[in-house]
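Data first, discussion second: the structure below is written as structure tokens.
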Amino acid sequence: MSAVATGGYRVVVDPGRCENKQECLDVCPTDVFDMVKPRVGNLLLRLKIRVHGGLVAEATRESQCIGCMACVSACPENAITVTG
Ligand code: SF4
């Protein structure tokens with residue numbers, strides 16, 4: 001999960017839904033996302049993430065979010081929530 005927002009929007013990626021398809025990286029106009037190796041404790045979730053390449057999206061530059069919702073629309077797994 002992401003850190004507390006400083007730009008007014010909260011961008012959260014559910015690691016249980018993200019499948020490393022990277023659509024959010026492609027569509028985000030302000031380069032909010034990176035693919036990262038998540039630290040999760042749940043064994044089933046760790047296995048699922050490993051099957052999908054070991055990476056999930058994270059809003060590492062959440063403060064740059066402008067709330068356009070392009071990532072929410074683009075994500076095929078409905079893994080992203082943007083609030084603000
Ligand atoms: S809402 Fe727009 S600016 Fe914010 S993370 Fe998603 S694509 Fe990027």
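Condition test on A59, is it within 18 Å of T81 (Cβ to Cβ) and either among the acidic types (D, E) or modelled with pLDDT of 95 or more (or both)? Give the steps one after another, and end with the answer.
Details: within 18 Å of T81 (Cβ to Cβ): yes; either among the acidic types (D, E) or modelled with pLDDT of 95 or more (or both): yes.
Yes.
When only residues in the stretch 54-80 that are among the aliphatic types (A, V, I, L, M) and either in a loop (DSSP other than H, G, I, E, B) or without any contact (Cβ under 8 Å) to a residue 12 or more places away in the chain (or both) count, which is surrounded by the most Cβ atoms within 10 Å (Cβ to Cβ)? If you could, list the steps in order and put the result at the bottom.
Here is the first cut: in the stretch 54-80, the residues among the aliphatic types (A, V, I, L, M) are 55-57, 59, 66, 69-70, 72, 74, 79-80.
From the residues that got through so far, the ones that are either in a loop (DSSP other than H, G, I, E, B) or without any contact (Cβ under 8 Å) to a residue 12 or more places away in the chain (or both) too are 55, 59, 66, 69, 72, 79.
Working: L55: 18, A59: 25, I66: 15, M69: 13, V72: 16, A79: 21.
Among those residues, the one meeting the criterion is A59.
Residues checked against (1) touching a strand residue (DSSP E or B) at 6+ places or on another chain (Cβ under 6 Å); (2) at negative phi; (3) not basic (K, R):
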site: D14; (1), (2), (3): no, yes, yes
site: C28; (1), (2), (3): no, yes, yes
site: N42; (1), (2), (3): no, yes, yes
site: K48; (1), (2), (3): no, yes, no
site: Q64; (1), (2), (3): no, yes, yes
site: G67; (1), (2), (3): no, no, yes
site: S73; (1), (2), (3): no, yes, yes
site: P76; (1), (2), (3): no, yes, yes
site: V82; (1), (2), (3): yes, yes, yes
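How many of the residues in the stretch 24-53 are in a loop (DSSP other than H, G, I, E, B) and either within 13 Å of the ligand (Cβ to nearest atom) or among the aromatic types (F, W, Y) (or both)? Talk me through it step by step, then tell me what you get.
Keep residues of the stretch 24-53 that are in a loop (DSSP other than H, G, I, E, B), which gives 28-33, 37-42, 52-53.
Those still in the list that are either within 13 Å of the ligand (Cβ to nearest atom) or among the aromatic types (F, W, Y) (or both) too: 28-33.
Total meeting the criteria: 6.
Determine, yes or no, whether K21 is buried (at least 16 other Cβ atoms within 10 Å of the Cβ) and not in a helix (DSSP H, G or I).
Details: buried (at least 16 other Cβ atoms within 10 Å of the Cβ): yes; not in a helix (DSSP H, G or I): yes.
When the stated conditions are applied, K21 passes them.
The values are calculated or read from the model by the stated rules, or taken from the named source; none is laboratory data. A quick note: this is a predicted structure, and the numbers were derived from the prediction, not measured. Positions of Cβ are backbone-derived with ideal geometry, glycine not excepted, and every protein chain shown enters the neighbour counts.
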